[in-house]
1. Which value in deg cm²/dmol, rounded to the nearest 500, describes the helix-derived mean residue ellipticity at 222 nm for the chain, given -39,500 (n - 2.57) per DSSP H run of n ≥ 4 and division by the residue count?
2. Any of LYS144/LYS212; LYS17/LYS59; LYS102/LYS125; LYS17/LYS125 with alpha carbons more than 24 Å apart? Name them for me.
3. Can you give the accessible area of LYS170 in Å² (nearest 10), computed on protein heavy atoms with a 1.4 Å probe?
4. How would ARG51, ARG111 line up by accessible area, probe 1.4 Å, largest first?
5. Hey, what do the phi angles of segment 114-126 turn into as Karplus ³J(HN,Hα) couplings, whole Hz, using 6.51/-1.76/1.60 and θ = phi - 60°, x for Gly and Pro?
6. Mind checking which aspartates and glutamates have their C-alpha under 13 Å from LYS94, skipping anything on the same chain fewer than 8 residues away?
7. Per-residue HN-Hα couplings for segment 17-28, Karplus 6.51 cos²θ - 1.76 cosθ + 1.60 at θ = phi - 60°, whole Hz, x for Gly and Pro?
8. In whole Hz and in residue order, list the ³J(HN,Hα) couplings for segment 72-83 that follow from phi through the Karplus curve 6.51 cos²θ - 1.76 cosθ + 1.60, θ = phi - 60°; x for Gly and Pro.
Amino acid sequence: MPIRTSDLPEMAYRHQKDHRKRLRERFVRAGSQALADYEMLELILFSAIPRGDVKPLAKDLIAAFGDFNSVVSASPERLAHVQGVGAAVIRELKIVEAAAHKLAQTRVLGRNAITSWDALINYCKTTMAYQEIEQFRILYLDRKNILIADEEQGRGTVDHVPVYTREVIKRTLELNASALILVHNHPSGDPSPSTADIEMTNQIVKAAATMKIVIHDHIVIGREDISSFRSLGLL
């Protein structure tokens, strides 16, 4: 029996509905490891775009940014340049990003930062490794090295972030913190400390010492790896 032209839209809708169901079932059954990056994006796009084939858009996003993490972490401005990406898509991607950050943070906040070091590094990598501009964060610890606060102190450009020593010390005293872990990212992907990074860290260490504030480490986050000032003998 020949297919009527009027039947095509409904057939396409049923096909996409079945595809969405199968992809969701595969995710529930086998987890994210069984899905390609673009398929994970499809799952997110299903909520933003209730009907239609979202696979081409998912693949376009991967082509534009490289991988799943880079897509989710991309700025709304850059995402909007991809054809087919509207406010609903950006909103869903940013919800996923915020949820990942929140989950990682809950595993370290209120815990001993030294004994939870692996979880702490994982949190820093989750929040900063794929950022497109440099970001400087401070992890504030009490006398027992419990993480009592985690704050972004500054944002900069692709290769520089301004850090003001006076503001670092001021905020530390406001929170009644006894120790700090400094963290910033290198969007280039290379976590090697720069001369400017070393000079800035030395300034903070000297100022902190006058107030009996301990700097445990300065972590530089790259795409795939990190650098530790303490491990490198720079602290």
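1. Estimated from H runs of four or more residues: -15500 deg cm²/dmol.
2. Pairs exceeding the cut-off: LYS17/LYS125.
3. 110
4. Largest to smallest exposure gives the sequence ARG51, ARG111.
5. Computed from phi, the couplings for segment 114-126 are 6, 7, 10, 4, 4, 5, 5, 5, 4, 4, 4, 5, 4 Hz.
6. Straight-distance partners of LYS94: GLU77.
7. 5, 5, 4, 4, 5, 5, 5, 5, 5, 5, 5, 5
8. Using θ = phi - 60°, the values come out as 5, 8, 5, 5, x, 5, 6, 4, 5, 7, 7, 4 Hz.
The values are calculated or read from the model by the stated rules, or taken from the named source; none is laboratory data. Note that the coordinates shown come from a computational prediction; the quantities given were computed from them, not determined experimentally. All Cβ positions, glycine included, derive from the backbone under ideal geometry; neighbour counts span all protein chains shown. For accessibility, only protein heavy atoms count, side chains too; no ligands or nucleic acids. Shrake-Rupley method; radii C 1.70, N 1.55, O 1.52, S 1.80 Å.
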